[in-house]
Protein chains: 2
Amino acid sequence: MGQDGNLTPQKRTSSLPTTVANGRHSSGRNPPRGRQIQKTFNNIKITLLCGFVTILVLRGTIGVNLSSSGSDAVNQNLIEETNRILAEIRSDSDPTDPANPERDLFLNETYALGPRISSWDTDRKAWLENNPEFPNFVSRNKPRVLLLSGSPPNPCDNAIGDHYLLKAVKNKIDYCRLHGIEIVYNMAHLDRELAGYWAKLPMIRRLMLSHPEVEWIWWMDSDALFTDMVFEIPFDKYKDYNMVIHGYPDLFYDQKSWIALNTGSFLLRNCQWTLDLLDTWAPMGPKGPIREEAGKVVTKFLKGRPDFEADDQSALIYLLLTQKDKWMNKVQIENSYYLHGFWTGLVDTYEDLMAKYHPGYGDQRWPFVTHFVGCKPCGSYADYPVERCLRSMERAFNFADNQVLNLYGFGHRGLLSPKIKRTRNETVRPLENVDKFDIRRSSLHEKSR
Amino acid sequence: MGQDGNLTPQKRTSSLPTTVANGRHSSGRNPPRGRQIQKTFNNIKITLLCGFVTILVLRGTIGVNLSSSGSDAVNQNLIEETNRILAEIRSDSDPTDPANPERDLFLNETYALGPRISSWDTDRKAWLENNPEFPNFVSRNKPRVLLLSGSPPNPCDNAIGDHYLLKAVKNKIDYCRLHGIEIVYNMAHLDRELAGYWAKLPMIRRLMLSHPEVEWIWWMDSDALFTDMVFEIPFDKYKDYNMVIHGYPDLFYDQKSWIALNTGSFLLRNCQWTLDLLDTWAPMGPKGPIREEAGKVVTKFLKGRPDFEADDQSALIYLLLTQKDKWMNKVQIENSYYLHGFWTGLVDTYEDLMAKYHPGYGDQRWPFVTHFVGCKPCGSYADYPVERCLRSMERAFNFADNQVLNLYGFGHRGLLSPKIKRTRNETVRPLENVDKFDIRRSSLHEKSR
């Protein structure tokens, strides 16, 4: 600090604009004592002020918040503590697992989901005969179906993601309760090499082999919602098929488009054919050079595919097209109803549909499944604006929930509202409403045909 | 700003320490021009500095962050945008609902869940006879049970809360799939006056009346986890009872303790008696003066109860004690197994139990349900340290999940790890494992007796 009282900051930080001291020197005389004391005081004040400025600038870095409200500080602390705790409890103390080591498969190695099983049809048939208390059909000769879905074991990058995973699970619980379908919600990676979208393959195989009583395994993505609570898959139609998947034959056969089929919602029969398909499909999946190479192959082969590692959908389309004679006679490419319904064209139509139609059609009149491809509420980077996705998912959830609440005499106030209102008065004869409104009643089923 | 160059801040905010200007006056002479310019410069510099200080202080309020990293900014933006969107999409455009107006019930009004139904037993019996395709029992003469749980429709205050709600639902899905129990996961407030812990009452009544085929409704809190995947409730034991609740008779009858019973996990038979019980229980619940007054009454009556509004558990204990002759012959206070197991004494024992016992006991050897009372992962203010709660919930979840994954030949690497490892090699004879490890196989059931 110069003796002439010019202002020179005591400390500088990188974000503070530096004040330029314009120096003027005194002529050399000793100033009077009183003025010296005054100048000293001034200097001290300026020093204190500069020091204070420094603290203010640094507080963002050191986390000292002087003016936040009590609850903001509590929330922030809670978030930070939660993250710290989770990181700690999730740290893997045993990074190597001799039973399932991480490795990059080389291109000349063939990955296998497990040891080859070739007698599944006969083995399973014998087991069913020996275990009549576990039939492969449920009441009224409906085949026994198991719905498989799942999400990663860790919390979502985006906090709201877990909330929508929860809502999506509730949505699946509701549909499956109404239709006698069992649910497995998987939150474990059975095979490190087939993580991400490939994780469904080892899980499907594992469930087939562990649940011989299950006739169909139905994979559904965690970002797909049931939006027709009445519609039922017409299993009779598929008695000669082993795979049912939504898609478009012209996109598939003619254009070889990478989105010709959608693996967000599809069914596989529990049989040898499916084991063989999985065995053929999985080897394109192991992460590392194999998945990268496979990605290049499928990008080259399929129309419109961007360049990235192989995903399960592209790999399936590729394999079915290149080996169509082997597989396609047992694959039903279905689009007479929305086994998978791409959300963008559907979510804004719900009010119109409610005015004109009723649940049960499963098609564009009342979409069976609305699938939020590209929204990725669990991650940080979606293909669509966050607002649009959240709004649309909320609408789809409530559109479906209305159909469930209808039995109870309630409905959402609007498709964006979590609040509900009565749609029917209470009655002392509630069983009349059960007969009229329970989706499982056969009269409603007939209505949907 | 004084002419003597003393420092006076241009602006003051409440959190800035005020600098006290010590005034000294000059003798009155006009200072030389050069010194005047110098003083003016000093004043300008001080003004700029003070202005800058003000901006720094205000930036926390106006959200201008000068030094955050790119990804922090992205995350922060995402969180803020998410919250904004949610607030917007949740804003209720119809604040008044003539069918269910918000009102504070006065103390002389009696709240009712609905119109009084008095012939439920006969009506339901007739309905069951007329609808043999909806029997009140499932295979092997097990009664049809519906598990009811739920959580509020909005995202949790604490982000990690939704993740644990998701895990808790998966846990319930697993148990119920293994035991043929239907699930309803409620995310709607059917009655604004009975929100919070009271919300289960209108939902239980609604489900009873809408699902006459259901024999037992089993309420379970969202913070309760199944930790014995083999144990089954011994329904035969309760053929003469209409309510099964975990508790301690001495705490109940002798001490009148407010924690003598636990409404976190209990069963109600679908019958007239239960409708009557709910009709007697609910009037203590409506929020406002009634719930406040009821809170005072139960605090006075029950031992150890803190002073707060009436909760459903205290109200139930109060009503059962004050009307014990009317109700208690049909209430089974159960503690031979952990229909509700208070977590603090259980979660640290899991490894010991795994070493000594096996699933199926349901009691202290292998607790049926571990209930995280007081952890409140969805809210901001828990009764226990966050770290302890999250760690313990993770352990309980994995302890239970191991029992499910066992059929598939996998298990968690440790009770704190989301990662899994193989516990059995793959085999070409998977059906042998099904016979040995499927919890639904009768041999395992016998083992648990």
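Read-outs: derived from the displayed coordinates by stated rules, not from any lab. Since the model is a prediction, treat every value here as computed from it, not as a measurement. Virtual Cβ from ideal backbone geometry, glycine too; neighbours counted across all protein chains shown.
Across identical copies of the chain, A:K436 has label-point separations of 5.6 nm, listed in ascending order, with the point defined 7 angstrom from Cα along Cα→Cβ. Amide H neighbours of A:F137 under 5 Å, at least 5 residues apart or on other chains, H built in the peptide plane: list them. Correct list: A:R144. Over all distinct Cα-Cα pairs of segment B:250-334, the Kirkwood formula returns a hydrodynamic radius of 13.2 Å. Summarising the amide proton neighbourhood of A:I183: residues at separation of 5 or more, or on other chains, whose placed amide H is nearer than 5 Å comprise A:L147.
Cβ-Cβ distance of A:T47 and B:E387, R₀ of 35 Å, FRET efficiency by 1/(1 + (r/R0)^6): the value works out to about 0.25. With 19 Å as the limit, the listed pairs A:K419/B:K167; B:K142/B:K239; A:K172/A:K421; B:K200/B:K237; A:K125/B:K142; A:K200/A:K287 have A:K419/B:K167; A:K172/A:K421; B:K200/B:K237; A:K125/B:K142 beyond it between alpha carbons. Farthest toward the positive end of the dipole of segment B:142-282, out of B:L268, B:Y248, B:V145, is the Cα of B:V145, where the dipole comes from beta carbon charges about the Cα centre.
Sorted from nearest, the other copies put their A:D157 label points 2.9 nm away, the label point being 7 Å from Cα in the direction of Cβ.
Legend: P(r) of segment A:364-405 from all alpha carbon pair distances, 5 Å bins from 0, whole percents, reading 5, 21, 28, 20, 15, 8, 2.
Ranked by how many other Cβ atoms sit within 10 Å of their own Cβ, fewest first, the residues B:S119, A:S222 fall in the order B:S119, A:S222. Coupling constants for segment B:426-432 follow from the phi torsions by the Karplus curve (6.51 cos²θ - 1.76 cosθ + 1.60, θ = phi - 60°), and in residue order they are 4, 9, 8, 10, x, 5, 5 Hz; glycine and proline get x. Placing unit charges on the Cβ atoms of the charged side chains and taking the dipole of segment A:355-437 about its Cα centre, the candidate lying farthest along the positive direction among A:N406, A:G360, A:H371 is A:N406. For segment B:158-292, state what percent of all Cα-Cα pairs lands in each successive 5 Å bin, counting from 0 Å until the bin that includes the largest distance. Reading the bins upward from 0: 2, 8, 15, 20, 23, 17, 11, 4, 1, 0.
What FRET efficiency would be calculated for the residue pair A:N154, B:D157, taking the C-beta separation as r and a Förster radius of 35 Å, to the nearest 0.05? The value I calculate is 0.95. Its Cα centre serving as origin, segment A:313-433 has a Cβ charge dipole (Lys and Arg +1, Asp and Glu -1) of approximately 200 debye. Taking θ as phi - 60° and the Karplus parameters 6.51, -1.76 and 1.60, the scalar couplings of segment A:220-237 work out to 9, 4, 6, 9, 10, 10, 6, 10, 10, 7, 9, 4, 10, 5, x, 4, 4, 5 Hz in sequence order, x denoting glycine and proline.
For the ranges A:297-308, B:368-379, what's the packing order if you count other beta-carbon atoms within 10 Å of each residue, average per peptide, and put the highest first? Please report the intermediate quantities before stating the final value.
Values: A:297-308: 14.8, B:368-379: 22.1.
Final packing ranking: B:368-379, A:297-308.
Panel order for A:I181, A:I245, by other beta carbons found within 10 Å of each beta carbon, from fewest to most: A:I181, A:I245. Among A:Y238, B:Y350, the order by Cβ neighbours within 10 angstrom, fewest to most, reads A:Y238, B:Y350.
Between this copy and the others, label points of B:E387 are 4.1 nm apart in ascending order, each placed 7 angstrom from Cα in the Cβ direction.
Once Rh is set to the Kirkwood radius over Cα pairs, what Stokes-Einstein translational diffusion coefficient, in µm²/s, holds for segment B:315-449 at a temperature of 37 °C and a viscosity of 0.692 mPa s?
Approximately 187 µm²/s, per Stokes-Einstein.
Summarising the overall dimensions of segment B:134-180 from its C-alpha atoms, the Rg and Dmax are 14.7, 44 angstrom. Length gained on full extension, B:R365 to B:Q323: 11.6 nm, using 0.36 nm per residue less the C-alpha separation. Averaged over peptide A:171-178, the number of partner chain Cβ atoms lying within 10 Å of each residue's Cβ comes to 3.
For B:W258, the amide hydrogen comes within under 5 Å of the amide hydrogens of B:K303, B:R305, counting only partners 5 or more places away or on other chains and with H modelled in the peptide plane.
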